[in-house]
Amino acid sequence: MKKTIFSQLESSALFSGLDANDIERHLNTLRYSVKKVPAKTVFISENDSLCEIVVVVEGLVSAGMSTAKGKHLMVDYLKPGTMLAPAFVYSDECEVPVEVKTIEKSVLFCMSKDDFSLLIGFCEPVRNNFIHILSHINFFLMSKIRMVYMSSIKEKIATFLLRKATIMHCDSVPLNLSRRQLADVFGIQKSSLIRTLNELEHDNLIFVREKEIVILDVHGLQEILKG
């Protein structure tokens with residue numbers, strides 16, 4: 001059976017706990033749009049105003065920023081079910097400091113600030129989910145700052161691998177990103193990433209395949225984080 005936008009939103013953080021019928025009922029009187037965006041399309045440019053709630057329904061979307069010297073930092077990759085910069089919609093300064101670009105052909109659920117305000121006004125589950133999402137942003141940003149500016153390259157990679165392994169309950173970490181994209185996540189050069197992966201592999205801490213990294217020594221990676 002073909003999925004509806006409501007069934008697809010079931011797995012999103014914003015509508016967590018609601019089924020497709022509940023979501024359809026709550027959205028029935030509100031205005032929203034479903035936008036299909038081709039791959040490699042800039043959806044929002046740096047410093048554009050964000051005046052609507054955006055949820056990724058299908059595809060993969062990147063949020064990154066560049067300096068005048070050409071250095072690029074990938075702030076986040078947004079997978080299906082995640083929201084784009086939710087805090088900016090209600091900020092007095094709603095200019096987004098990142099460029100938002102589709103990596104793959106993507107489908108986005110969009111709703112204006114006014115209609116979303118109505119939704120969280122009468123739908124307690126969505127309101128609570130939105131508060132939870134906003135609360136998690138501070139932790140995400142602090143972790144990102146620490147990883148990019150306060151950690152060595154080995155510490156960045158060790159943190160990334162251990163966190164992924166914990167979430168997936170598996171010592172094999174799939175790589176859905178290219179080496180260039182992964183380097184942007186860490187805020188480093190691709191050559192530095194490859195060199196450090198080779199060093200970790202030489203130390204028998206990991207084994208690198210094309211599309212995955214196998215953790216061979218969890219304790220060894222944890223020791224890297226202890227300095």
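Here TYR32 clears all of (1) of a type in the set (Ser, Thr, Tyr); (2) under 19 Å from the mean Cα position of the chain (by Cα); (3) farther than 16 Å from ARG127 by Cα except the condition numbered (2).
Could we say that SER66 is among the polar types (S, T, N, Q) and under 24 Å from PHE160 (Cβ atoms) here?
On the way: among the polar types (S, T, N, Q): yes; under 24 Å from PHE160 (Cβ atoms): yes.
Against the criterion (among the polar types (S, T, N, Q) and under 24 Å from PHE160 (Cβ atoms)), SER66 qualifies.
Kindly establish whether VAL126 is in contact with a Leu (Cβ under 8 Å, 6 or more places away or on another chain), in a helix (DSSP H, G or I) and surrounded by 20 or more Cβ atoms within 10 Å (Cβ to Cβ). Lay out the reasoning, then the answer.
Numbers: in contact with a Leu (Cβ under 8 Å, 6 or more places away or on another chain): yes; in a helix (DSSP H, G or I): yes; surrounded by 20 or more Cβ atoms within 10 Å (Cβ to Cβ): yes.
Yes; evaluated as a whole, the condition is true for this residue.
The numbers here are math on the coordinates, done by the rules we state, and not lab data. Every value quoted in this text rests on a predicted model; they were computed, and no experiment measured them. Glycine also receives a Cβ, built like all others from the backbone with ideal geometry; neighbour counts cover every protein chain displayed.
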